[in-house]
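*Asks:* Here it is, the structure in full.
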Amino acid sequence: MKTNNIKITAIVGSLRQGSLNHQLAFEAGKALKAAAAEQDLGTVDFEILDYSDVPLFNQDNEHPAPDAVKRIREIVKSSNGIWFFSPEYNHFFPGVLKNLIDWLSRPVSDTEGQVLGGKPAAVSGISPGISGTGIAQDHLVTLISFLNMKVMNLPRLAIPNVKQQTDSDGRLTLTTSAPYLEKQAQAFIRFIMNVI
Ligand code: FNR
């Protein structure tokens with residue numbers, strides 16, 4: 001079955017220049033396009049969301065929503081799937097990501113609900129330590145499940161010991177984990193096809 005065209009948006013839980021999770025998201029975009037082409041599953045539009053201009057959530061400033069929030073809501077609404085790539089900070093996912101999700105968890109208006117409900121979601125992460133972001137992922141999955149996202153729990157990708165897969169300049173070289181990322185990309189396209 002062909003999907004024709006699906007749009008997948010990556011949300012990275014790090015705003016850092018050179019973020020490993022951002023680099024992983026970039027590789028995932030390539031893996032998604034390759035998976036769709038190889039398996040005759042249509043084409044994939046892939047975007048890594050820039051949300052660095054989203055303010056800290058303050059209920060006093062919720063209405064009207066800031067322009068940055070309006071823009072991101074439109075991107076999420078037009079996406080067939082959301083793929084999260086998050087670091088682990090103190091066994092949790094970073095506050096910037098929680099802040100973004102708090103904004104997105106709020107109804108758009110009196111007549112329109114929040115934009116994450118029903119959206120297929122995949123979860124991945126990479127870290128220097130041995131947990132590979134697995135603990136943070138569990139917290140993230142709890143949150144996005146509460147918001148009624150359709151979470152693909154199998155496979156998830158948690159890449160530990162990042163030094164084994166980076167060069168001396170901190171660039172991700174993705175060696176041993178590349179096949180797992182490819183498998184997750186294939187699975188996510190199929191998961192989306194079954195949900196939409
Ligand atoms: C970390 N880091 C970290 N790593 C980990 O595996 N488990 C953890 O609990 C934490 N905790 C933590 C807290 C804080 C405040 C910082 C700044 C960092 C290390 C973190 O995984 C590492 O900096 C990653 O490279 C961050 O991801 P990006 O920015 O490279 O995508």
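*Asks:* Hey, could you check the stretch 165-195 for residues that are of a type outside the set (Val, Ile, Thr) and more than 20 Å from Trp83 (Cα to Cα) and say which is nearest to the ligand (Cβ to nearest atom)?
*Replies:* In the first step, residues of the stretch 165-195 are kept if they are of a type outside the set (Val, Ile, Thr); the result is 165, 167-172, 174, 177-188, 190-191, 193-194.
Keeping just the survivors that are more than 20 Å from Trp83 (Cα to Cα) gives 165, 167-171.
On the way: Gln165: 12, Asp167: 14, Ser168: 15, Asp169: 13, Gly170: 8, Arg171: 12 Å.
For the stretch 165-195, the residue satisfying everything is Gly170.
*Asks:* Looking at (1) in a loop (DSSP other than H, G, I, E, B); (2) at pLDDT 95 or above, can you tell me which one Gln184 breaks?
*Replies:* Only one criterion in (1) in a loop (DSSP other than H, G, I, E, B); (2) at pLDDT 95 or above is unmet by Gln184, namely (1).
*Asks:* Tally up the residues in the stretch 48-104 that are more than 16 Å from the ligand (Cβ to nearest atom), out of contact with any Lys or Arg (no Cβ under 7 Å at 6 or more places or on another chain), outside any helix (DSSP H, G or I) and open to solvent by less than 40 Å² (accessible area, probe 1.4 Å), please.
*Replies:* 3
*Asks:* Given the options Ala37, Ala65, name the one that is aliphatic (A, V, I, L, M), at negative phi and modelled with pLDDT of 95 or more. Talk me through it step by step, then tell me what you get.
*Replies:* On the way: Ala37 fails: modelled with pLDDT of 95 or more.
Ala65 is the lone residue from the list that is aliphatic (A, V, I, L, M), at negative phi and modelled with pLDDT of 95 or more.
*Asks:* Looking at the stretch 106-127, can you tell me whether even one residue there is open to solvent by less than 20 Å² (accessible area, probe 1.4 Å), in a helix (DSSP H, G or I) and closer than 30 Å to Thr43 by Cα? Steps first, answer last, please.
*Replies:* Of all residues in the stretch 106-127, those open to solvent by less than 20 Å² (accessible area, probe 1.4 Å) come to 115-116, 120-127.
After this cut, where a residue has to be in a helix (DSSP H, G or I) as well, the list is none.
Looking for residues that are open to solvent by less than 20 Å² (accessible area, probe 1.4 Å), in a helix (DSSP H, G or I) and closer than 30 Å to Thr43 by Cα, one finds none in the stretch 106-127, hence no.
*Asks:* Another one. Being within 16 Å of the ligand (Cβ to nearest atom), open to solvent by 40 Å² or more (accessible area, probe 1.4 Å) and free of Cβ contacts under 8 Å to residues at least 40 places away in the same chain is the filter here; which residues of the stretch 1-47 pass it?
*Replies:* We begin by selecting, within the stretch 1-47, every residue within 16 Å of the ligand (Cβ to nearest atom); these are 10-29.
Now restrict to residues that are open to solvent by 40 Å² or more (accessible area, probe 1.4 Å): 15-18, 22-23, 26-27.
Arg16, Gln17, Phe26, listed by residue number.
*Asks:* For Val162, only one of the following conditions fails: (1) modelled with pLDDT of 95 or more; (2) within 15 Å of the ligand (Cβ to nearest atom); (3) buried (at least 17 other Cβ atoms within 10 Å of the Cβ). What is its number?
*Replies:* (1)
*Asks:* Considering only residues that are within 23 Å of Ser79 (Cα to Cα) and open to solvent by less than 20 Å² (accessible area, probe 1.4 Å), look in the stretch 128-142 and name the one that is nearest to the ligand (Cβ to nearest atom).
*Replies:* Gln137
The values are calculated or read from the model by the stated rules, or taken from the named source; none is laboratory data. Because the structure is a prediction, the values reported are computed rather than measured. Every residue, glycine as well, gets a Cβ built from its backbone with ideal geometry; the counts of neighbours run over all protein chains shown. Keep in mind that these areas ignore ligands, DNA and RNA; they rest on the heavy atoms of the full protein, side chains included. Shrake-Rupley method; radii C 1.70, N 1.55, O 1.52, S 1.80 Å.
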